[in-house]
Structures are given as structure tokens and as C-alpha cells.
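Read the structure below first, then the notes.
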Amino acid sequence: MSENRKLFLFIPIFTALTLFFAASMYIDNTYGLSLYEYIHYSIPVTDEEAEYLSEKGTIYFSSDKNAPPFAYIDNANGQYKGLVLDYASALSIELGVDIEFVPQVWENVLGSVISEDADMCDIFPSEERKKYFAFSEPIYSMRAIAMTRNTDEFINANDLKGYTVAVPAGDYAVEYIRKNIEGVKIVETSDLFDSVKQFKEGNVDAVVGDEPVLMHFAEEIGIDDKVKILDAALYDREVCIGVNKNDIQLVNILNKGILTLKKTNSVEKIHQKWFGISEPILKYRVPDNLMMFFTVLISTLVIFFMGMALWSYTLKSEVKKRTDDLNRSRNNLQITVDALSSFLVCVDEKGLIVNTNRSFCRFMKEENKKVEGIDYREIPILSHIDINNLKNDNEFMFDGRYYMFSISEIEHYDYKYLIVIEDITDSKISQQQILQQNKMIALGQLSAGVAHEIRNPLGLIQNYCYILKTYVFDQNKVAEDAIDVIESSVQRVGKIVDNLLNFSHMENNKPEVINLKEEILNIVALENKLSLKKKIEVKVNCSDSIKFLTKAGSLNHIILNLLSNSIDAMDDGGKIFIDCRAENEYLVIDFKDTGTGISKENLERIFNPFFTTKKVGQGTGLGLYIVYNEVQKMGGEIHVNSQPCQGTIFRMKFPLLKETC
């Protein structure tokens, strides 16, 4: 290719690049946008966006109710007005949508947008607020200043260290001071007027706020000539329209309206209405002749900038790659954490929840974002925990279940403490059940040993009674009666021994066909002494013909626990009724007593593990829990009906298997 042809190709390319950069500089200087953003936002509202606005109907714009001249309620006529409201009204006309204003104290303004009670507000963007908001293009710039006593002890913002400063709650100044000026004691007030009043009354040493609003209130209260304004502003930032971070489509629509207002000079007219042309809240624009100089300069440096752009693109790609790797790693970590069954809660140094895992959210029945930002002490299950006590393996009981927690102190930019909570109820129950099972085995072995030891002398007594009978004949009536009493007593003791032997075999829990009435009577006999002592009558209404294929050990546990609970509930005597019947393909057992009954608030909790109304040491709280689980294991169901002072009825239904008759 010839040099002329190369030059011919280079000139239009160079010219195009020059025009491109000149246009980009002009657009950025005039509208604060890139060329791409300018073209994108210059496109009229699309059909999809128009449909979105139509479905939305009214857009609610929330702002401070006492921040003149930006947004305030006029005391003279009660009208809500200000620069920001004029701006929103102009957007309403431009976009063809109704905008309704919602005046609130500033702290509630932010909360209403986060909770989606309002759609948008005017706001300083920041990294912290990015967690909850999406931001439009800037609409104006604003400085924050500090007002102090008129003394030499305050020169610049760093001199505020160690002093008390009043700032409206939720204001960006709170975030800025905490990040940039250490040792400042912040007093959060309802609004800037309240802050100035606190200053005038000597409750605080300084006030920080937006310059026009702060100066307005200082003049209104009459202290503008008695105070000192620090020479350097704390910050000079652009104000945007903030919407909920999930409503990105609304941001795109708003940016189109903002650009149109800037093109028609509506923004400048609104600012002049409230401040005059000298007030520096509009973005500074470069004069035309200076802009021309920059255009020529850019033309000279286009090639250099192209090289820089290429390098920048490469660097951005590498940064993006690294960022993606970090995000991927973070997401993988979050997935791993969410897969854990334990509850994980991340808390910052103030005690506010920063993040949780999915198990905790499922337990709370809330989404993660609804829990974030809440003081952990306000969550009932976390109120048992003190983050200042880093001792691990602490146990507590909540809502009928046992939990163990540990606290780790972590150096992390988002949170300081990691709380891990594990539900150990099942482990506790297993320990209790193993202990109870060992006791039952030991008791069964003891019962079997005692029964066998008693049977031997009983056999001898019974044999010798028979021998004595052959010698007594009819000559001695008293002797015959005595022998009859001995025999009946031996038979009674024999039945007790049989019951003890049956009890010793309760742990043999294999399915077998049992005579239901005999099995229940054997269990009742075990508690016979205690029931007689308390004058309690136990009646069993069950047909002799009911045969039931079941695990006898499980059934015995059920009847024994219910019987024991009923006897405990009748200190002054009473009656227990055990009614058994076959209905269709089910066996129904009604267990009724005339005891003290169960209160309504306890009725829903009686099957919970470790729940008991007995005194300490008189019950483990596992009796009815075991009953419920054993019924479930047998494929049955159990229901309870009780009234205080009227007794209790437990109804159990078990499926009758084919072998049952």
C-alpha cells in the first residue's frame, strides 16, 4: 500500500477519532455523560418502558420535610415545595407519569425506599448505600460544611476530634465522619433544624450539614453572625435520584428524563428560581473557547490516548477477571455455607447482622435481606448470646429445643463476629434415651432375677400346701382355711412374678401377635400398688378377642407412660378408663383420666422433647415425646383433648394388619 493511500486512510480515521473525542468531551462537560450514555438516554421511552410506567401508575417520591430550599413544608400555607420537588414535577411532565410527594424525616425517607413503600428520593450516592440503592445520573452538586463556635480551636474538620457533632439521622455526613474523622461523638437528630437548635442550646460543639440548608437555619434561629464556618468543606458531592436497587428499569427511565431536562435548560431554570445564577450547585461547565482549545489538544493526543485506551482496556479486563474470580470464590463460599445445617450469623462490631446462611433464614422464615441490618439481640433465638463472651460450646434452650453456640472473632471488612449455632436436641434426646434404655435393661434384668428367685420358694410352698391338704381332711376347719389362704396368696404372687417376667422382656421389640387385653392388664398390674395408694380406679374395657400384630415393647412403653402421667395428675384419687375397639380397619385405644387436665397454652407443647410441668427432678419431659414417636413408628396417630380440671383423653389409632383378628 502506498504512503498516500495510507495517509488518505489515516486522515479520515484521525478526523473521526478527533470528532469522537471532541463530542465525548463536550457531552461530558455539558451533561456529565459518556457518548454512549448520551446516545442511550437520548432514545425515547420504549414501549416496554411505557408499559412499565403504566403498570406502576403513580410513582412516589419521598424527601425531607424540613430542608429548605430543597424540600420543605411552608409554614405559611402548609404547601410542600422546594427545588427537588420542582425537579421531580418537571420529570413527571417529561415522562408522562404521575409523581406523588411523600414528606418525611430524612431517616424514614431512606427506609421507605428500601422497603419499597416509596419509589425514589434525592440522595448522595456512596458505597454503603449501594447495598440498598441504585442511582440515577447526577442532578446537582452539594457541599457539606461544619458550623462551630467562633473560637480559634476549630480550624478544619480534623479539629472536630473529641467533640460532639450534631448530624441529622440517616444523613450521608454520618457515614463520612465515621470513615474519615476519628474520635467524633455523633449526635443524630431528627433534622438539620433540630441540629442547629441543639448547637444553640450548647448541647453539641458543632453541626455538620448541607451548606444552603444549614445557613438557612442558622439565619432563621439568629446565630449566623455568632458562629464560625470552617473554611474547607467536608465534601462536595453530586446528588442523584436513588431508587431501590432491584428497580433498575426505573433508573434507566429517569436518566432519559434527566437528560431531556438538561437539554432544554429546565434544570438551570429551576436552580435559578431557588438560588439565582450565582449559586454553585450546578456542575461547572467549561467555556466554549476553552473547549476549543481542548479539542485541538485532544486532536494532537488522540493516538496517545488510543494507546492508553488499549492499555486501560487490557488493565480493566484483567481487573474484571480478578474481580470475577473473587466473586466466584465468594459465591462458592456462600454456597458451601448455605449447605451447612448449622446456623451461621455474621455480626459487625455494633451487633448488627451482616449476613446469614440459608439454614438460619429457613429457621426464621425470612429472606436474608430482611434480617440484615437488624440488631442480633432483637432476634429471639440470638438474644441468649453475648458477642462479647467468646467462650465456645455454650448451651441454651429455646422453644423446647437445645442449642449449642460458638462465637469467633474475625478480621473482616463487613463483619467482626461469626456466630455458629447447632441444634443438639436430637443428640440430647439420644443420650437420654440411651440412659433410659440402660435403666430399663438393668431393671428388666433385676426383675427377671427376682422373679426366678421367688418362683423357687413359691413352688415349694405350693407343693407342701398340697401335702398338708392330704393330711388335714375335714377334722380341722381352721387348718383347711389357712391352707386355702396360703394357696390363693401363692397364686397372687405368681401373677406378680409373671408380670415381672413380661416386663423384663419388654425390650424384645419384634412384631408379634398379642392379646391386647392381656397385654394392657399386665402393664396396669405394674402400677397397681401406686394407683391403689392414690385411690385411683383403673378400668380396662377391651374385648378378649382382639388380637393385635404389633411390637409389644413399643405398645408397653406407650401404655406405661400414659398410665404414669395420669396417676401423677390425680393426687386426690380418680378414675382411669382404657377403652379398646376395632373400627373399620383401625384399632382405636381411648385413654381417659379424671385428673387435673392440661391448660390450652401447654396443650400444643406436650409432645415436645424436654417439656414438663412437673417439679425439677420429678420428670425428664421425654415421656409423651416417647409416646408420640412410638405411635408414629407403629404407623399410628395420636390426638389429645383436655380441659383444666376436667381430665384428659388421648386417642390412638393403629392400622390393623392382615394377621390381626
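The values are calculated or read from the model by the stated rules, or taken from the named source; none is laboratory data. Being a predicted model, the structure only gives us computed values, none of them experimental. In this analysis, Cβ positions are derived from the backbone assuming ideal geometry, glycine residues included, and neighbour counts consider all displayed protein chains.
Structure data summary
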item	result
Qualifying residues in the range 256-283 (those that are more than 44 Å from the chain's Cα centre (by Cα) and hydroxyl-bearing (Ser, Thr, Tyr)) - the one modelled with the lowest pLDDT	Ser278
Among (1) modelled with pLDDT of 95 or more; (2) within 20 Å of Thr58 (Cβ to Cβ) - the single one Ile93 does not satisfy	(1)
Test: Val165 is touching a residue at least 12 places away in the same chain (Cβ under 8 Å), farther than 19 Å from Phe124 by Cα and under 37 Å from the mean Cα position of the chain (by Cα)	yes
Subset of the range 576-586 [surrounded by 16 or more Cβ atoms within 10 Å (Cβ to Cβ) and closer than 25 Å to Lys534 by Cα]	Ile576, Phe577, Ile578, Cys580
Residue that is within 18 Å of Ala173 (Cβ to Cβ) and not in a strand (DSSP E or B), where the choices are Pro138, Pro125	Pro125
Breaking point among (1) farther than 28 Å from Gly111 by Cα; (2) modelled with pLDDT of 75 or more, for Val337	(2)
Flag for Glu318 being at pLDDT 90 or above and either of a type in the set (D, E, K, R) or surrounded by fewer than 18 Cβ atoms within 10 Å (Cβ to Cβ) (or both)	no
Tally, over the range 538-558, of residues that are within 25 Å of Thr596 (Cβ to Cβ) and modelled with pLDDT of 85 or more	5
Residue match in the range 34-57 (condition: of a type in the set (Phe, Trp, Tyr) and either over 20 Å from Asn255 (Cβ atoms) or not in a helix (DSSP H, G or I) (or both))	no
Val631 vs. criteria over 24 Å from Ser427 (Cβ atoms), at pLDDT 85 or above and not charged (D, E, K, R)	no
Pair list, Cβ < 7 Å and 6+ apart or interchain, from the range 116-133 residues that are under 18 Å from Gln249 (Cα atoms) and touching a residue at least 60 places away in the same chain (Cβ under 8 Å) to residues that are buried (at least 22 other Cβ atoms within 10 Å of the Cβ) and among the polar types (S, T, N, Q)	Cys121/Ser62; Cys121/Ser63; Asp122/Ser63
Positions within the range 86-105 being within 19 Å of Asp171 (Cα to Cα) and not in a loop (DSSP other than H, G, I, E, B), in sequence order	Val102, Pro103, Gln104
Matching residues in the range 224-246 - criterion: being surrounded by fewer than 18 Cβ atoms within 10 Å (Cβ to Cβ) and under 44 Å from the mean Cα position of the chain (by Cα)	Ala232, Ala233, Tyr235, Asp236, Arg237, Glu238, Lys245, Asn246
Residue within the range 635-646 that is at pLDDT below 75 and at positive phi present	no
In the range 158-183, the residues that are among the polar types (S, T, N, Q) and in contact with a strand residue (DSSP E or B) (Cβ under 7 Å, 6 or more places away or on another chain)	Thr164
Residue in the range 72-79 that is closer than 27 Å to Phe217 by Cβ and within 37 Å of the chain's Cα centre (by Cα) present	yes
Identity of the residue in the range 102-132, in contact with a helix residue (DSSP H, G or I) (Cβ under 6 Å, 6 or more places away or on another chain) and buried (at least 20 other Cβ atoms within 10 Å of the Cβ), that ends up farthest from Thr260 (Cα to Cα)	Ala118
